[in-house]
Amino acid sequence: MTCRICAARTREVLHLGSSPPANWLKVAPEEEQESYPLVLEWCASCLNVQLRDTLPAEVLYRDYLYVTPQSATLEAHYAALVSYLVGAGLIDERAFVVEVGSNIGHFLRHLAGTVRRSLGVDPARQIADQATRSGIPTVPEFFNRQTASLIVAEYGNAELVVARHCLAHNASPHEMLAAASTLMAEDGHLLIENAYVINTIEYGEFDQVYHEHMFYYSLSAMRALLRLHGMRVVDVLRAPVHGGSIVFLAARGLDGPVSHRVDECLTAESRYLNIEALKQFASGAQQTARHLRALVLALHRQGRLIHAYGATAKGATLLNYTGITRDVIPYCVDSTPLKQGRFLPMSNIEIIPEGSAEHGRPDFYLLTAWNYQEEIIAKVRASGNTTSRFIVPIPVVRVL
Ligand code: TMP
């Protein structure tokens, strides 16, 4: 196929079979769902890694069920980001900040008192409405040039546009970047945060591959992409969230000052951004799935009760690629009220609230939300459960 950044020919590097979109949580196990392939491709020209088959954003996000969890790890990350932005002089009390894909507004809440005005934009109607009602004004729309122009007409240009974990969630990043350019003040900045493909490859996080993740960004690919929109990456930061993330700070103009971190990061990327590393990533996925399946089936045969922890999109890929269903893991614990009472796609595992006593105390939790490992284990122990053990699937299958 072709690269959706630079239009060069791509090469297939990983095939995880077909499944329904990870956040299509079923109302009943009998519900029929359409499956779509999960295939990763590599572009040797601009070093982009992308999903081959993409679904329209309208289908995926209008009735979205992902609500940003209340998490100490995320809160610490938001505070660090704000302190970086203030320290670098990118925002102050005169700034207008717009966050795209703002969900229920956790990040924007951290800007209160620091900037003049902040505004969210999120197409998930129910979630945008919840944010607005809780005091974070949120435009319930997709972020495109039209939405950006309406925002400019009403509030003026923004000193900072933030797009955390959403630029990769659309088949074409070009419309969102054109919209960001419309919205940004002349000397404004764009902050893009994404799961970092180098961490995905390095830690064998094949479960980051799901239909919402249409791109797996590196600095190399991001630079190529931004260049097409007349922008350059001026700084990069790494963040310990969502399995390892990268934050790109961009500004208008192809020439101009750039942090030394940009060159250092580009050099470090070359180790993982090549076809050999991607092939190894693909064989690692097979190996992890084989180990996990063998472990879970063996425990099940021994009569052990296993629940999953975290109805994550990653979990859906992990379970479906591994072939684990509710026959061996009947329940998945999750803190999101919108998800509870529903069933994971394909595996048909029922989602139950945290601390729900009626389904028994499991001997093992499979940590499908392994990216919150420490805080989830601490939460389970603090609830008085000192006996359940934890199966951590990534980077290699371990039992804690
Ligand atoms: P995420 O990895 O995409 O952020 O999804 C995390 C999921 O895990 C989300 O559905 C909420 C759930 N979760 C819990 O159930 N308990 C917790 O303590 C945390 C941090 C997350």
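Per-structure values
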| quantity | calculated |
| --- | --- |
| Restricting the stretch 189-292 to trypsin sites (Lys or Arg not before Pro) in coil, as DSSP defines it, with at most 12 other Cβ within 10 Å | 271 |
| Relative contact order of the stretch 67-158, defined on C-alpha pairs under 8 angstrom at six or more residues apart (%) | 24 |
| Charged-residue dipole, Cβ positions (Lys, Arg, Asp, Glu), the chain about Cα centre, Debye nearest 20 | 680 |
| J(HN,Hα) series, the stretch 172-183, from Karplus relation 6.51 cos²θ - 1.76 cosθ + 1.60, nearest Hz, glycine and proline x | 10, x, 5, 5, 5, 6, 5, 5, 4, 5, 4, 7 |
| Prolate/oblate/rounded call for the chain, Cα gyration tensor, a/c under 1.5 rounded | prolate |
| Per DSSP, loop trypsin sites (Lys or Arg not before Pro) in the stretch 89-135 with at most 14 further Cβ within 10 Å | 94, 116 |
| Cα shape, the stretch 16-75, gyration tensor, a/c 1.5 rule | oblate |
| Neighbour-count ranking [beta-carbon atoms within 10 angstrom, fewest first] of 399, 162 | 399, 162 |
| Relative exposure of 207, 92, judged by other C-beta atoms within 10 Å (fewest first) | 92, 207 |
| Projected label distance in nm at residue 268 and residue 109, using a 7 Å step from Cα toward the beta-carbon | 3.1 |
| Non-local Lys pairs in the chain, i.e. 8 or more apart or on different chains, that have alpha carbons under 25 Å apart | 6 |
| Qualifying GluC sites (Glu not before Pro) in the stretch 3-80, DSSP loop, other Cβ atoms within 10 Å at most 13 | 30, 32, 34 |
| Theoretical gain in end-to-end length, residue 154 to residue 185 [0.36 nm per residue, Cα-Cα removed] | 9.7 nm |
| Taking 108, 297 and counting other C-beta atoms within 10 Å, the order from fewest to most | 297, 108 |
| Gyration tensor verdict on the stretch 319-400 (Cα atoms; rounded if a/c is under 1.5, prolate if a/b is larger than b/c, oblate otherwise) | oblate |
| In order through the stretch 314-322: 3J(HN,Hα) via Karplus (6.51 cos²θ - 1.76 cosθ + 1.60), integer Hz, x for Gly, Pro | 4, x, 4, 5, 4, 5, 6, 5, 7 |
| Most mobile listed residue (38, 237, 119) in the chain, GNM with C-alpha springs under 10 Å | 237 |
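Every read-out reported here was derived from the displayed coordinates using simple, explicitly stated rules and does not represent laboratory data. The structure displayed is predicted, hence computed values, not measured ones. All Cβ positions, glycine included, derive from the backbone under ideal geometry; neighbour counts span all protein chains shown.
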